[in-house]
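Working notes, beginning with the structure itself.
The values are calculated or read from the model by the stated rules, or taken from the named source; none is laboratory data. Quantities reported herein were computed from a predicted structural model and do not represent experimental measurements. Positions of Cβ are backbone-derived with ideal geometry, glycine not excepted, and every protein chain shown enters the neighbour counts. Just the protein is used for accessible areas: all its heavy atoms, side chains included, with ligands, DNA and RNA removed. Shrake-Rupley method; radii C 1.70, N 1.55, O 1.52, S 1.80 Å.
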Amino acid sequence: MELTVFNTLGKETGKKVVLADAVFGVETNDHAIYLDVKQHLANRRQGTHKSKQRNEVAGSTRKLKRQKGTGGARCGSILSPLFPGGGRIFGPVPRDYSFKLNKKLKQLARRSALTYKAKAEAITVVENLTVEAPKTKSFIAIEENLKVAGKKILVVVPEVDNNLLLSARNLQNVKVVLASNVNTYDVMNANQLVLAEGAVNVLNEMLA
């Protein structure tokens, strides 16, 4: 697949860039995408939730009433989960939610996600995606020139550009990532991919 390369003014440069079929034109696998997104979200969980069990609640351990002869249920201390202020039965405890996925499966998921964006014509390639100074206004102008303003955008660059990162970080619907760090969740979560020309080569080599 070939795409036209634009400049930051939104005009065609006359150049074409090739999206490798091995990356942007594969047979999609929805289950691989599901597993990769599930892992990504699971790995982001802190897992620091905690509630107190019976042995951790502060309070008296005195037996509330005698065992027999009251006609009611047998009960022990006020720390019982059956009483207000008592411990919680089977409450949450700190745990690690992360799990492992095979490398080939994760690559298939990323290829599938990129293929979906290519089929939806939701990829824009920019020749020289840079800004002279870290100004949000400069990046907004690039968005408007490329006619992607108002969309949820994933900007993919081949190398770190601090001016670009600082210009885009205050925009809620824009995320800038390195091509080497592209993941399935970010691709599927975006409405439009804006790829720097050099980032296309990185993706073609990394996922082919």
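Brief remarks on what is shown
- In a simple Cβ point-charge model (Lys, Arg +1; Asp, Glu -1; nothing else charged), segment 1-146 has a dipole of about 1940 debye relative to its Cα centre.
- Taking amide hydrogens as placed 1.01 Å from N in the peptide plane, the amide H of Val126 sits under 5 Å from those of Phe6, Leu195, Ala196, Glu197, each at least 5 positions away in sequence or on another chain.
- For segment 67-142, the set of trypsin sites (Lys or Arg not before Pro) satisfying both a DSSP loop assignment and a count of at most 15 other C-beta atoms within 10 Å is given as Lys68, Arg74, Arg88, Arg95, Lys100, Lys135.
- Derived scalar couplings ³J(HN,Hα) [segment 177-187; Karplus, 6.51 cos²θ - 1.76 cosθ + 1.60; whole Hz; x for Gly, Pro]: 9, 6, 4, 6, 10, 5, 10, 4, 4, 4, 5
- Residue order for Val37, Val160 - accessible surface, 1.4 angstrom probe, largest first: Val160, Val37
- Entry note, the chain: the mean residue ellipticity at 222 nm calculated from DSSP H runs of n ≥ 4, each adding -39500 (n - 2.57), is -10000 deg cm²/dmol after division by the residues and rounding to the nearest 500.
- Assigned charges on the beta-carbon of Lys, Arg, Asp, Glu; segment 89-208 dipole about Cα centre (debye): 640
- Whole-angstrom Cα spans of the chain along principal axes, big to small: 94, 39, 24
- Portion, in percent, of the accessible area of the chain that falls on carbon or sulfur, probe 1.4 Å: 49
- Other residues within the sphere of radius under 12 Å centred on the Cβ of Leu79, judged by their own Cβ, net out at +4 (K and R +1, D and E -1).
- Each principal axis of the Cα cloud of segment 10-128 was taken in turn, and the coordinate range along them, longest first, works out to 93, 30, 23 Å.
- Built amide H within the under 5 Å cut-off of Lys15, gap 5+: Val5
- Placing unit charges on the Cβ atoms of the charged side chains and taking the dipole of segment 1-152 about its Cα centre, the candidate lying farthest along the positive direction among Gly10, Gly69, Ser80 is Gly69.
- Cβ-defined net charge surrounding Gln46, 13 Å radius [Lys, Arg +1; Asp, Glu -1]: +3
- Projecting the Cα atoms of Ser138, Ser98, Val26 onto the charge dipole of segment 1-152, computed from C-beta unit charges around the Cα centre, puts Ser98 farthest toward the positive end.
- Taking amide H as placed 1.01 Å from N in the peptide plane, Val155 has its amide H under 5 Å from the amide H of Lys175, Val176, Val177, Val194, each at least 5 places away in sequence or on another chain.
- Within-13-Å neighbourhood charge of Leu108 [Cβ basis; K, R +1; D, E -1]: +2
- Over 21 Å [Cα-Cα, segment 76-177], rounded percent: 58
- For the set Lys106/Lys135; Lys38/Lys119; Lys16/Lys175; Lys15/Lys135; Lys16/Lys38; Lys52/Lys106, the pairs lying more than 30 angstrom apart at their alpha carbons are Lys106/Lys135; Lys16/Lys38; Lys52/Lys106.
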